[in-house]
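A.B. asks: Handing you this structure, nothing more for now.
The values are calculated or read from the model by the stated rules, or taken from the named source; none is laboratory data. Since this is a predicted model, take the numbers as computed values, not measurements. FYI the Cβ positions are ideal-geometry reconstructions off the backbone, even for glycines, and counts take in every protein chain you see.
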Amino acid sequence: MDLARAERQWDRDPEAARGLLASATDQAHGALDDLRAATRGIAPPVLLDRGLAAALDELAGRAAILTRLSVDVPRVNLGYETALYFCVTEALANAAKHARASRVDVRVHVDGPWVVAEVEDDGVGGAHLGKGTGLAGLDRRLAGLGGHLTVTSPQGGPTVIRAEVPCVS
C-alpha cells in the first residue's frame, strides 16, 4: 500500500514519496526476516520424500563451489536428518562465502552409535563456533537432539565441520 501511495504522490511531493518508499523497503526487509525465521528448520520436500542422501545430492548440485558427495546411511529419524541437512547447508554456505574454498567434500556415514556428516573444504580456515550465529545455532540444535558439532579450522585450512546425531530410527 505504501508503494501505491508513493507512486501517486511522486509528482506532487517527491520527498513524501521517498519517505513512503523507505518505509516500504523497511517493511519488505522485515517481512523477509520473518519469512526466514518461519522457514528455518523446515525440511525441504525432497528430504521428506526421499531422505537425506537425495536431499544432499540435490543440495550439492546447486552448490556455489565444486562439491563431492559420499552418503552411506540408512534412513533415520526425520529430526536428525533435518538437523544434518542444515549443518551441511550451513557448512557449504560458509565455505563459499567466507573460506574462499574451491572444493568441498561432504561425507555422511555411520560411525558406531552416530550418524556423522563431515564437510571439509580447502579454504583459508579460521572458522569457529564463536563466530557469528550459524554454527553456534547448529551446535545448540544438535545438542538438543543428543548430538554435537565439532569445528576444526586452523588458519590456512582446511576446515572440517563434523555433525553427529544418534543413529536411531
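A.B. asks: Only one residue in PRO74, PRO45, PRO14 is touching a strand residue (DSSP E or B) at 6+ places or on another chain (Cβ under 8 Å), surrounded by fewer than 17 Cβ atoms within 10 Å (Cβ to Cβ) and not basic (Lys, Arg). Which one?
C.D. replies: Values: PRO45 fails: touching a strand residue (DSSP E or B) at 6+ places or on another chain (Cβ under 8 Å); PRO14 fails: touching a strand residue (DSSP E or B) at 6+ places or on another chain (Cβ under 8 Å).
When all the criteria are applied, what remains is PRO74.
A.B. asks: Within region 22-30, is there a residue that is within 16 Å of the chain's Cα centre (by Cα) and surrounded by 12 or more Cβ atoms within 10 Å (Cβ to Cβ)?
C.D. replies: Taking region 22-30 as the starting set, the residues that turn out to be within 16 Å of the chain's Cα centre (by Cα) are none.
Checking region 22-30: not a single residue is within 16 Å of the chain's Cα centre (by Cα) and surrounded by 12 or more Cβ atoms within 10 Å (Cβ to Cβ).
A.B. asks: From the list LEU66, LEU21, which one is over 21 Å from SER153 (Cα atoms) and of a type in the set (A, V, I, L, M)? Break it down into steps so the answer makes sense when it comes.
C.D. replies: Details: LEU66 fails: over 21 Å from SER153 (Cα atoms).
Step by step, each of LEU66, LEU21 is checked, and only LEU21 is over 21 Å from SER153 (Cα atoms) and of a type in the set (A, V, I, L, M).
A.B. asks: Turning to a different aspect of this structure: Just one of ARG68, ARG62, ARG50 is modelled with pLDDT of 90 or more, surrounded by fewer than 14 Cβ atoms within 10 Å (Cβ to Cβ) and within 15 Å of the chain's Cα centre (by Cα); which is it? Outline the logic, then answer.
C.D. replies: Working: ARG68 fails: within 15 Å of the chain's Cα centre (by Cα); ARG50 fails: within 15 Å of the chain's Cα centre (by Cα).
Only one candidate passes the filter, namely ARG62.
A.B. asks: Moving on. Quick one: in region 144-169, which of the residues that are touching a strand residue (DSSP E or B) at 6+ places or on another chain (Cβ under 9 Å) and farther than 19 Å from HIS109 by Cα is surrounded by the most Cβ atoms within 10 Å (Cβ to Cβ)?
C.D. replies: Among them, the one singled out is SER153.
A.B. asks: Additional query: Just give me the residues in region 88-123 being more than 18 Å from ALA63 (Cβ to Cβ) and out of contact with any helix residue (DSSP H, G or I) (no Cβ under 8 Å at 6 or more places or on another chain), in sequence order. Spell out the reasoning first.
C.D. replies: Going through region 88-123, the residues more than 18 Å from ALA63 (Cβ to Cβ) turn out to be 109-116.
Answer for region 88-123, where residues must be more than 18 Å from ALA63 (Cβ to Cβ) and out of contact with any helix residue (DSSP H, G or I) (no Cβ under 8 Å at 6 or more places or on another chain): HIS109, VAL110, ASP111, GLY112, PRO113, TRP114, VAL116.
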